1. What number goes with the only condition from (1) at pLDDT below 90; (2) acidic (Asp, Glu); (3) surrounded by 13 or more Cβ atoms within 10 Å (Cβ to Cβ) that B:GLU186 does not pass?
2. Check whether at least one residue in segment B:293-306 is assigned to a helix (DSSP H, G or I), farther than 26 Å from B:HIS209 by Cα, in contact with a helix residue (DSSP H, G or I) (Cβ under 8 Å, 6 or more places away or on another chain) and within 13 Å of another protein chain (Cβ to nearest Cβ), and report yes or no.
3. Among the residues of segment B:133-158, which ones are of a type outside the set (Gly, Ala, Ser), touching a helix residue (DSSP H, G or I) at 6+ places or on another chain (Cβ under 6 Å) and within 12 Å of chain A (Cβ to nearest Cβ)?
4. Give me the pairs, please: first residue somewhere in segment B:178-207 and under 18 Å from B:PRO239 (Cβ atoms), second residue anywhere and assigned to a helix (DSSP H, G or I) and of a type in the set (Lys, Arg), beta-carbon distance under 9 Å, and either six or more positions apart or on two chains.
5. How many residues are over 22 Å from the mean Cα position of the chain (by Cα) and part of a helix (DSSP H, G or I) if we restrict to segment B:362-386?
6. Based on what the data block shows, is B:VAL35 part of a helix (DSSP H, G or I), modelled with pLDDT of 90 or more and of a type in the set (A, V, I, L, M, F, W, C)?
7. Among the residues of segment B:177-197, what is the count of those that are in contact with a Gly (Cβ under 7 Å, 6 or more places away or on another chain) and either more than 30 Å from B:VAL56 (Cα to Cα) or not in a loop (DSSP other than H, G, I, E, B) (or both)?
8. For segment B:101-132, which residues satisfy the criterion of being more than 9 Å from every other protein chain (Cβ to nearest Cβ), touching a strand residue (DSSP E or B) at 6+ places or on another chain (Cβ under 7 Å) and outside any loop (DSSP other than H, G, I, E, B)?
Amino acid sequence: MEKEMASEDLKARLLTAFVIICIALIGLIWADGLLFQQDAAAAPGYYRQAPEVDGSVYLTLTAEAVEFRQRITGTPTPQEHGAGQGQGSGVGTGTGSLDHDD
Amino acid sequence: MNHGSSVAALAHPLPRQKRLRQDRTWMLVAGMTLVGAWLFGFFAGHTDVLPQVPEVLPGAVSVVVDNGLFVGLDAAGYPIGYAAAGEGQGYAGPIEVLVGIDTTGTIVGTKILSQKESPGFFRLVTRQSLPEQFVARPVTDPLRLGDDIDAISGATASAEGVALAVRQAVRQIAAEGLDTTVPPEESKIKVGLPEITLLLLFAAGYIGHRLRSGRWKRRLRWGTLITGMVVLGFVYTAPLTVTMVTTLLSGYWPDWHSHLYWYLLMGGIVFVTVVDSKNPYCYWFCPFGAFQECLAAVSGAKHYKPRRLRQTLTWVQRGLAVAAIALGLALRQPGATGFEPFGTLFDLRGSVYEWALLITVVVASLLIYRPFCNYLCPLDPVINFVGSGRSWIEETWRKRWPQRT
């Protein structure tokens, strides 16, 4: 009889422990869920950055590239050429149609 | 859990009158708590969209509101694009997405403004960068999951909600800002295997309640349990959850064309409980209940609710149900306050805590008959609440107008 009561008592204690553990885990699930919602609300948007061209960076890079090319090939940069003069002429022929594709 | 008997009749050692009084007091307190939580959630702060517009319209120095659209202006005051917020129904409630479109009709930015989803589902959406997939697409694209946008496995409803919200915003901007025509949203009724299975399970449960032969009733019940576990559980992961109850009470009712299953499940349970005074779900085809019952059948686990703990355990279960729903209503976050390990089992996805809860329940299921249903599940108290409310109204009616009954 006493043994049976002890066994019953142990079972009830185990059940209580199970319920308490589960409630603690449920509390953690709630906390995790609510923290996620907070983080999600503060998350930034996704966007395509518009290309912005910085003129000075472009020129600097170009100048560096020209200087590098000159150093390895020995070709003078366009500024080092003397002023020139030239004459030219040309003739051209062509065909056309009334079709247009718009 | 009350094993399909009258939902109002809880297995209590208390005298009937005392139990009835206690149940009704509980109903009133729970009802008032939920009404208070609902009102709190209703009057709580709303999202201010305007300050967030530059996040989806890069380069916008200022924003003006014109005809319901946000117009982003550059430093010289010229429009560089438009933004609008769209809304789509997810699993637990509406998902609001802010969409920015440049003047050539290309989507240049998206931002989730608000969502009510279960964290487990929505983590998949953000981890797989679903909102980013819409960026750099022209407004004339279909913008549909499985078409030009990659679907998110395991979070279909949440992903559909995001896509729907983006399309709604795009449609508004196209019509009012860009003067472009975008095809209208299709509104097809979604009927498939889950809906048909659900109707058959309700029918089987109804017949089962009326069967006199214990053997046939047992066989039918095992049939519905296994079908529910396989089809509604492992295949479609669509069991009833407390999130669905909170969504219903929050007023975030989804479009019935695309969410017919939701209406059949919620409507069917409420209808049978009110008309027949029986719980048609827990004992007959709850997928998680079926899983625990299979474990009990293997291990020989028996029902265990010691007399001295019975009252406490009943109140703990009721307390958990009220806390989950009240928290969801007050914060307007139905998805964040669900705690059932259903998705973790059937979808094999969840946080560390959800896995820990599932493992604890599975181990306990080998020792005790349906421990989650009997001590923790918030749905049994909810269905009892509906059944007890029905009985209370019926009794009041009989007392007040005896000649009409």
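The values are calculated or read from the model by the stated rules, or taken from the named source; none is laboratory data. Only a predicted model underlies this, so the values are computations on that prediction, with no experimental measurement involved. Every residue, glycine among them, receives a Cβ derived from its backbone with ideal geometry; neighbour counts consider all protein chains shown.
1. Just one mismatch for B:GLU186, condition (3).
2. The answer is no; no qualifying residue exists.
3. Passing the criteria: only B:PHE134.
4. As it stands, the answer is B:ALA204/B:ARG221; B:GLY205/B:ARG221, since those pairs meet every condition given.
5. Matching residues across segment B:362-386 total 5.
6. Yes: the conditions hold for B:VAL35.
7. Count: 1.
8. Selection gives B:ILE101 alone.
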